[in-house]
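Here is the structure we will look at, set down as structure tokens.
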Amino acid sequence: MKFLTAIFISHMVLLWGVTAFAGPIKSCKISFGTRGKPVLISIEGTTTKPCSGSITLAGKTAKKADIKLPLASIDTGIPLRNRHLKENYLHVEKFPTARFTLESGGGGKFKGKLDMNGAVTKVAGTYTVTGKDIEAEFLIDLPDFNMKPPTFMGVTVVDKVRIQVEITVGG
């Protein structure tokens, strides 16, 4: 009888497409983009080292997430800009890691807290789940994280920065 019950439950899960899993982050890529003013230049960057943490999904709904990113791994493609970003704005010596904690998720939208540069701020954005792959996007305001918009040679970065996340959950 237990065997038949197990078969019934597994078939119902397959039919309804409800899968639940939790696991460590297997791979992760974080990229960001913003622009400068008065000149409309594009400033982009990505991470060179993976983030760590874990995520729990139920179908296409994010239930739990705790993600850590080593900020020293950010690369904008220009060594001088990397140094200025890490030393003058992110202060990676004092705050080496950014941490995201999910508060709620569903219907392709999420809310959470981002701890970066000595400040914890609520963030909200969108996400999609395909199997064990998650893509998310949200905006941050630099002043919310104790950062004045970077300025160099007359070009100032705008306050808003777009963050894109691509994660594969292992396990």
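The values are calculated or read from the model by the stated rules, or taken from the named source; none is laboratory data. All values derive from a computational prediction rather than experimental measurement. As a convention, Cβ positions derive from the backbone with ideal geometry for all residues, glycine included, and neighbour counts pool all protein chains shown. Each accessible area value is taken on the protein alone, full model and side chains, heavy atoms only, with ligands, DNA and RNA left out. Shrake-Rupley method; radii C 1.70, N 1.55, O 1.52, S 1.80 Å.
What does the C-alpha gyration tensor say about the overall shape of segment 97-171? Classify as rounded when a/c is under 1.5, otherwise prolate if a/b is larger than b/c, or oblate. Judged from the Cα gyration tensor, segment 97-171 comes out prolate (a/c at least 1.5, a/b above b/c).
Take the Cβ-Cβ distance between THR126 and MET153 as r, set R0 to 35 Å, and report the resulting FRET efficiency rounded to the nearest 0.05. Step by step, r from the Cβ atoms, then E = 0.50. Straight-line reach from LYS64: which aspartates and glutamates have a Cα under 20 Å away, not including same-chain ones fewer than 8 places off? List returned: GLU103, ASP115, ASP133, GLU135, GLU137, GLU166. Think of a 1.4 Å ball rolled over the protein heavy atoms: segment 35-171 then has 56 Å² of accessible area per residue. Less than 5 angstrom separates the built amide H of LYS64 from those of THR56, all sequence-distant by 5 or more or on a different chain.
With the simple spin-label model, which puts each label point 7 Å out from Cα in the Cβ direction, the LYS109 to THR46 separation comes to 3.0 nm. About the Cα centre of segment 20-171, what is the dipole size in debye to 20, counting +1 per Lys and Arg Cβ and -1 per Asp and Glu Cβ, all else neutral? Here segment 20-171 has a charge dipole of around 140 debye.
Label separation (ASP133 vs HIS91): 3.8 nm, computed from points 7 Å beyond Cα along the C-beta direction.
Normalised by the number of residues in the chain, the mean separation of alpha-carbon contacts (under 8 Å, six or more apart) gives a relative contact order of 24 percent. Subtracting the Cα-Cα distance of LEU80 and SER31 from their residue separation scaled by 0.36 nm leaves 15.8 nm. Counting protein heavy atoms only, the chain has 61 percent of its accessible area on carbon and sulfur, 1.4 angstrom probe. Taking the three principal axes of the alpha carbon atoms in the chain, the coordinate ranges are 74, 28, 26 Å, sorted in descending order.
Peptides 101-108, 58-65 ranked from most to least packed, by the mean per-residue count of other Cβ atoms within 10 Å: 58-65, 101-108.
For the pair GLU166 and LYS63, the difference between a 0.36 nm per residue extended length and the Cα-Cα distance amounts to 35.4 nm. Projecting the Cα atoms of PHE95, LEU80, PRO24 onto the dipole axis of segment 18-171, where Lys and Arg carry +1 and Asp and Glu carry -1 at the beta carbon, places PRO24 farthest toward the positive end. Amide H to amide H distances under 5 Å link VAL123 with GLY112, LYS113, LEU114, where only residues 5 or more positions off or on other chains count and H is placed in the peptide plane. In order along segment 153-160, the Karplus-derived 3J(HN,Hα) couplings, from 6.51 cos²θ - 1.76 cosθ + 1.60 at θ = phi - 60°, round to 6, x, 10, 10, 6, 5, 5, 8 Hz, and Gly and Pro are given as x.
Taking every alpha-carbon pair under 8 Å whose residues sit at least 6 apart, segment 40-117 reaches a relative contact order of 29 percent.
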